[in-house]
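The values are calculated or read from the model by the stated rules, or taken from the named source; none is laboratory data. Predicted, not measured: the structure shown is a model, and the values here were computed from it. Every residue, glycine as well, gets a Cβ built from its backbone with ideal geometry; the counts of neighbours run over all protein chains shown.
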Amino acid sequence: MSDHIQRNSRTLIAPVIALGMLVLVFIGAWMWPQQAWEMVQFVGFGLISVAPLVLPGIFLTAWIMASGADAYIARAFEGRVAYTVLAASAIGAITPVCGVTVLPLMAGLLAAGIPLAPVMAFWLSSPVTDPAMLATTAATLGIGFAIGKTLAAFGLGLWGGAVTSLFAKRDWATNPLRRNRIVGNLSQCGCDGPVSFDARVWKQADRRLIFMNSFAATARLILICLIPAFAAEYALNAVLHPGSLSAYVGKDAWWAIPFAVFVGAPAYLDGYAALPLTRGLMDHGMAPGAAMAFLVSGGVISIWGAMAIFPVLRLKPFLLYLGLAVTGSMCAGYIFGWVS
């Protein structure tokens, strides 16, 4: 599968899910009109409640893309390994770069000879959260959960970079990329040189256009994901009784966090859609630590993320990536469950 097909497939998955949910809503409205109207009200109030925190996050994401700040990410990978891992983890935890769109940058950096350790740190931390995701998480699950998720992304990057640095002299670590046409295409488009930075995005027509396009695209993505997710949360609350999941993913179940990582994360589709569903699961007994492990691991080891990474990395770096993502996500879940 080519990178173009992968990106198109990932871009289409959210609208396809939304269309399927819309069909189900119409069927439900025909069969249960009263419940359908209550679901519409629930979704509407949900969107209104998260809007004050989500809109600033969307604005910040659009500004980062329009100002050219994203082009300076590569500079964090220059220097000593300890510094680059620290910087890459911090930048990855706050920049709006997801698992698939980060591929050209990562392939370009690796092809240019940047060590695997800082690249791995950024690759692990970047899909977990960003400004818009931080705001949406705070609005949906609370500010404590949002801060915890951001710290988990940073810690995951540090964990991945530190462990990867131990294998820095291995052949598969110094040459982690596969030799195929996909890698060649990604390497060519990953780092096209620095783009000038200008915080005053409103002064240039091209930057204004980038800002408006990025703002509209991010807002559309969030709406496409949140509307069916709020509807699913309503359905979840209607079907399950409070505490019904406590025996499976509750605080007293020792397997709750591993279960959330190994079972829930591979089926994870989108971070925004996962937030209302996670809130519904927590209302019905899911432990906070298991919820955090699910959200963190879902961002880095979902089936879509794995499909995108496997054609790019050789087998050993790919297995290392999966191992670091799984162990780091479980640690995040245990730590968050302990402090919450």
Seminar exercise, completed: Of (1) at pLDDT 75 or above; (2) within 27 Å of Phe294 (Cα to Cα), Ile114 fails just (2)
Exercise. Taking Ala290, is it among the small types (Gly, Ala, Ser) and modelled with pLDDT under 80?
Worked result: no
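For the range 173-205, which residues satisfy the criterion of being touching a Leu at 6+ places or on another chain (Cβ under 8 Å) and modelled with pLDDT of 85 or more? Lay out the reasoning, then the answer.
First, the residues of the range 173-205 that are touching a Leu at 6+ places or on another chain (Cβ under 8 Å): 173-174, 176-178, 183, 186-187, 190-191.
Passing the criteria: Ala173, Thr174, Pro176.
Before we move on, is Gly160 more than 15 Å from the chain's Cα centre (by Cα), at pLDDT 85 or above and closer than 19 Å to Leu55 by Cα?
On the way: more than 15 Å from the chain's Cα centre (by Cα): yes; at pLDDT 85 or above: yes; closer than 19 Å to Leu55 by Cα: no.
For Gly160, the condition - more than 15 Å from the chain's Cα centre (by Cα), at pLDDT 85 or above and closer than 19 Å to Leu55 by Cα - is not met.
Out of curiosity, is Val43 crowded, with 18+ Cβ neighbours inside 10 Å and either at pLDDT below 65 or part of a helix (DSSP H, G or I) (or both)?
Details: crowded, with 18+ Cβ neighbours inside 10 Å: yes; either at pLDDT below 65 or part of a helix (DSSP H, G or I) (or both): yes.
Answer is yes for this residue.
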